Amino acid sequence: NLGGVPTTLFESEMFGHVKGAFTDARQDRAGRFSAAAGGSILLDEVGELEPAAQVKLLRVLQDRSFEILGTSVTRTVDVRVISATNRDLGEAVARGAFREDLLYRLNLITLRLPPLRERPDDVPLLAVRFLAELARREDRELTLAADADDWLSSQPWPGNVRQLKHLVERSVLLTGKERLGAADFAFVAGMDEGARRGAADSPGTRTLEEL
């Protein structure tokens with residue numbers, strides 16, 4: 001998850017370091033590219049990379065080589081790189097936030113994942129999957145009622161899969177039911193929407209009872 005890697009730790013995280021390369025480097029550490037050698041590496045949230053880190057990533061993609069932090073020895077790596085982002089990288093290039101040459105290196109083959117609203121048939125399948133995960137975790141029998149499919153498929157899901165998973169988990173926790181129907185999901189979704197509207201109010205403008 002590149003969005004969670006600070007620029008100051010990018011080289012250590014991706015390429016590794018040797019003991020003593022920097023403060024707190026108490027032992028050698030293999031980087032992500034070394035670990036993925038001969039296989040694949042998924043760079044999630046690649047659009048969040050800072051410019052300094054983009055330069056370092058470009059080199060390993062372009063030359064298939066890198067240096068472990070704290071050494072001057074160049075290592076080569078054979079790895080398939082898969083990157084993912086929810087940003088429009090073309091627009092980021094236009095405003096100078098993303099390197100155009102890096103985009104060209106990443107963009108050899110593009111797979112577009114449509115938003116959830118464009119694939120409503122997937123929604124009940126995902127909901128069943130999330131219910132099954134919860135059932136295993138909580139040792140319960142959890143199922144969808146027949147009317148839940150149509151309701152779930154009809155929603156716009158601006159938050160995509162994360163929003164759907166959030167709703168399924170909250171519905172299980174808040175209703176306490178083993179079989180969840182359209183009314184249960186609609187009730188919890190209404191609570192979430194009310195909370196979002198309430199969050200926009202200034203503190204002290206509404207009572208707890210009103211909220």
Two pseudo-spin positions, 7 Å from Cα along C-beta at Q163 and at R129, lie apart in nanometres by 1.8
Work out Dmax and Rg for the stretch 75-196 from the C-alpha atoms and quote the Rg first, both in angstrom.
-> 19.3, 58
Would you mind checking the tilt of helix 160-175 against the longest principal axis of the Cα atoms of the chain, expressed as 0 to 90 degrees and rounded to 10?
-> 40
Mind checking which aspartates and glutamates have their C-alpha under 18 Å from K177, skipping anything on the same chain fewer than 8 residues away?
-> E133, E138, D139, E141, D147, D149, E169
Of the heavy-atom accessible surface of the stretch 1-48 (probe 1.4 angstrom), what whole percent is carbon and sulfur?
-> 45
Positive-end residue of F185, T207, Q27, charge dipole of the chain with Cβ unit charges | Q27
Which of the trypsin sites (Lys or Arg not before Pro) found in the stretch 56-95 are in a DSSP loop and have at most 14 neighbouring Cβ atoms, other than their own, within 10 Å?
-> R64, R87, R95
With +1 on each Lys and Arg Cβ and -1 on each Asp and Glu Cβ, and nothing else charged, work out how big the dipole of the stretch 8-73 is about its Cα centre, in Debye to the nearest 20.
-> 280
Evaluate the distance, in nm, between pseudo-label points positioned 7 Å from the Cα of A52 and of A36 along their respective Cα→Cβ axes.
-> 2.2
Can you spot the aspartates and glutamates whose alpha carbon is less than 15 Å from K56's alpha carbon? Ignore those fewer than 8 places along the same chain.
-> E11, E13, E48, E67, E100, D101
Give a quick list of GluC sites (Glu not before Pro) in the stretch 110-163 that DSSP marks as loop, anything other than H, G, I, E or B, with at most 13 other Cβ atoms within 10 Å.
-> E141
Classify the stretch 70-114 as rounded, prolate or oblate, taking a ≥ b ≥ c as the square roots of the eigenvalues of its Cα gyration tensor: rounded when a/c is under 1.5, otherwise prolate if a/b is larger than b/c and oblate if not.
-> oblate
Quotient of C-alpha Rg and 2.2 N^0.38 Å, computed over the stretch 98-140 = 1.94
Vicinal HN-Hα couplings computed from phi for the stretch 114-121 (Karplus, 6.51 cos²θ - 1.76 cosθ + 1.60; Hz; Gly/Pro x) | x, x, 4, 5, 8, 9, x, 5
Amide H within-cut-off set for L43, under 5 Å, with H built and near neighbours excluded = I82, S83, A84
What's log10 of I(q)/I(0) for the chain at q = 0.11, 0.14, 0.15 Å⁻¹, Debye sum over Cα points only, no solvent?
-> -0.78, -0.96, -1.00
How far, in degrees from 0 to 90, does helix 51-63 lean away from the longest principal axis of the Cα atoms of the chain, to the nearest 10?
-> 70
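The values are calculated or read from the model by the stated rules, or taken from the named source; none is laboratory data. Bear in mind that the values here come from a model prediction, so they are computed numbers and not experimental data. For neighbour counting, all protein chains shown are included, and Cβ atoms are generated from backbone atoms with ideal geometry for every residue, glycine included. The accessibility values were calculated without ligands, DNA or RNA, using every heavy atom of the protein model including side chains. Shrake-Rupley method; radii C 1.70, N 1.55, O 1.52, S 1.80 Å.
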